[in-house]
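Novice: Just passing along the structure, written as structure tokens.
The values are calculated or read from the model by the stated rules, or taken from the named source; none is laboratory data. On a predicted model such as this, the values are computed, not experimentally measured, just so you know. Glycine gets a Cβ as well: all are built from the backbone with ideal geometry, and neighbour counts include every protein chain shown. Just the protein is used for accessible areas: all its heavy atoms, side chains included, with ligands, DNA and RNA removed. Shrake-Rupley method; radii C 1.70, N 1.55, O 1.52, S 1.80 Å.
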Amino acid sequence: MNVLLEYNKPESQRSIVFELAPLDLMPHSIHTFLSQITEGYWKRGTPAFAINAEHVLQACPHPCLDSVYLGGDMVGDPYADMRSRGIATVSYQEYSPKYPHEKYTIGYAGHPLSGPEFYINLLDNSLDHGSLQDRKMKMGREYDEWVRHTFDGIDDEDIDQEPYPCFGKVVEGFETIDLMAEGMTRASLPDAEYTDSDLLLRPIAIVELEIIPEYIERREGEGAASAKS
């Protein structure tokens, strides 16, 4: 994936490489993502990273920047065309505890059915973005205290925490992501509203997102490279 760190400045273009999760763990999410790429929604028009929520950087496909919400003049659902093709969202909240939302992994945003927007985890979000069972196992004895503090008397069986699909991870471009995470949001404005405070003042354009069938990993300081698919 190639992004422009500064609008209209080709010299600011940087690359990020994702490696998708093992196919047997997240087949549906991977198929959905690859279909969106193949159909061109992450290449033509205005795909961009538009949200910096501090714990995630969230990207939206074409034509998200044309929508009224993000400053354009398109009224209505910007993803109507994707929905008509059946590739706007996953059909169910696919998740594998073997592939948690750790730092620099990627996942689909949104509920009740996630997509088409995806995000890069800027920190370990495995507790909040994973399953409730995962949270119980990782928190151990602290889980009961978390329930009392967070839900104030709600019974454990009434807690609804559906996981978000986590279907890939960054393998190149970590410094670029860290630079993107420094982008200022509308929260810095004196009259910022809570509902849109995470929107970047300057969305980061996605120039191209393509599939690399045979990936050659570049390792700084090493003469040899290893192949990945």
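Novice: Out of everything in segment 56-106 that is of a type in the set (Ser, Thr, Tyr) and assigned to a strand (DSSP E or B), what residue ends up being nearest to His28 (Cα to Cα)?
Specialist: Thr105
Novice: I've got another one for you. Out of all the residues in segment 133-165, which are of a type in the set (D, E, K, R), at pLDDT 80 or above and in contact with a helix residue (DSSP H, G or I) (Cβ under 9 Å, 6 or more places away or on another chain)?
Specialist: Hits for segment 133-165 are Asp134, Arg135, Lys136, Lys138, Asp144, Glu145, Glu162.
Novice: Still on this structure: Is it the case that segment 43-50 has a residue that's farther than 20 Å from Ile212 by Cβ, part of a helix (DSSP H, G or I) and either at pLDDT below 95 or touching a Phe, Trp or Tyr at 6+ places or on another chain (Cβ under 6 Å) (or both)?
Specialist: No; the residues of segment 43-50 include none that is farther than 20 Å from Ile212 by Cβ, part of a helix (DSSP H, G or I) and either at pLDDT below 95 or touching a Phe, Trp or Tyr at 6+ places or on another chain (Cβ under 6 Å) (or both).
Novice: Would you confirm, using the coordinates I've provided, whether Ala59 is of a type outside the set (Asp, Glu), out of contact with any strand residue (DSSP E or B) (no Cβ under 6 Å at 6 or more places or on another chain), at pLDDT 90 or above and under 23 Å from Ala181 (Cα atoms)?
Specialist: Working: of a type outside the set (Asp, Glu): yes; out of contact with any strand residue (DSSP E or B) (no Cβ under 6 Å at 6 or more places or on another chain): no; at pLDDT 90 or above: yes; under 23 Å from Ala181 (Cα atoms): yes.
Answer is no for this residue.
Novice: Somewhere in segment 48-70, is a residue among the aromatic types (Phe, Trp, Tyr), open to solvent by 30 Å² or more (accessible area, probe 1.4 Å) and in contact with a helix residue (DSSP H, G or I) (Cβ under 9 Å, 6 or more places away or on another chain)?
Specialist: For segment 48-70, residues among the aromatic types (Phe, Trp, Tyr), open to solvent by 30 Å² or more (accessible area, probe 1.4 Å) and in contact with a helix residue (DSSP H, G or I) (Cβ under 9 Å, 6 or more places away or on another chain): present.
Novice: Restricting to segment 175-211, name every residue that is open to solvent by 50 Å² or more (accessible area, probe 1.4 Å), assigned to a loop (DSSP other than H, G, I, E, B), at pLDDT below 90 and touching a strand residue (DSSP E or B) at 6+ places or on another chain (Cβ under 7 Å).
Specialist: Scanning segment 175-211 gives a single hit, Met184.
Novice: Here is a further query. Kindly check whether there is at least one residue in segment 71-87 that is over 12 Å from the mean Cα position of the chain (by Cα), buried (at least 19 other Cβ atoms within 10 Å of the Cβ) and free of Cβ contacts under 8 Å to residues at least 24 places away in the same chain.
Specialist: Yes: one or more hits.
Novice: Taking His111 and the conditions (1) under 18 Å from the mean Cα position of the chain (by Cα); (2) free of Cβ contacts under 8 Å to residues at least 24 places away in the same chain; (3) loosely packed, with under 14 Cβ neighbours inside 10 Å, which numbered condition does it fall short on, given that it satisfies the others?
Specialist: (2)
Novice: Residues in segment 166-174: is at least one open to solvent by 100 Å² or more (accessible area, probe 1.4 Å) and either at pLDDT 85 or above or touching a Ser or Thr at 6+ places or on another chain (Cβ under 8 Å) (or both)?
Specialist: Scanning segment 166-174, I find no residue that is open to solvent by 100 Å² or more (accessible area, probe 1.4 Å) and either at pLDDT 85 or above or touching a Ser or Thr at 6+ places or on another chain (Cβ under 8 Å) (or both), so the answer is no.
Novice: I would also like to ask the following. Residue under question is Asn125, and the condition is that it be of a type in the set (S, T, N, Q), in contact with a His (Cβ under 8 Å, 6 or more places away or on another chain) and surrounded by 21 or more Cβ atoms within 10 Å (Cβ to Cβ); does it hold?
Specialist: Criteria not met by Asn125.
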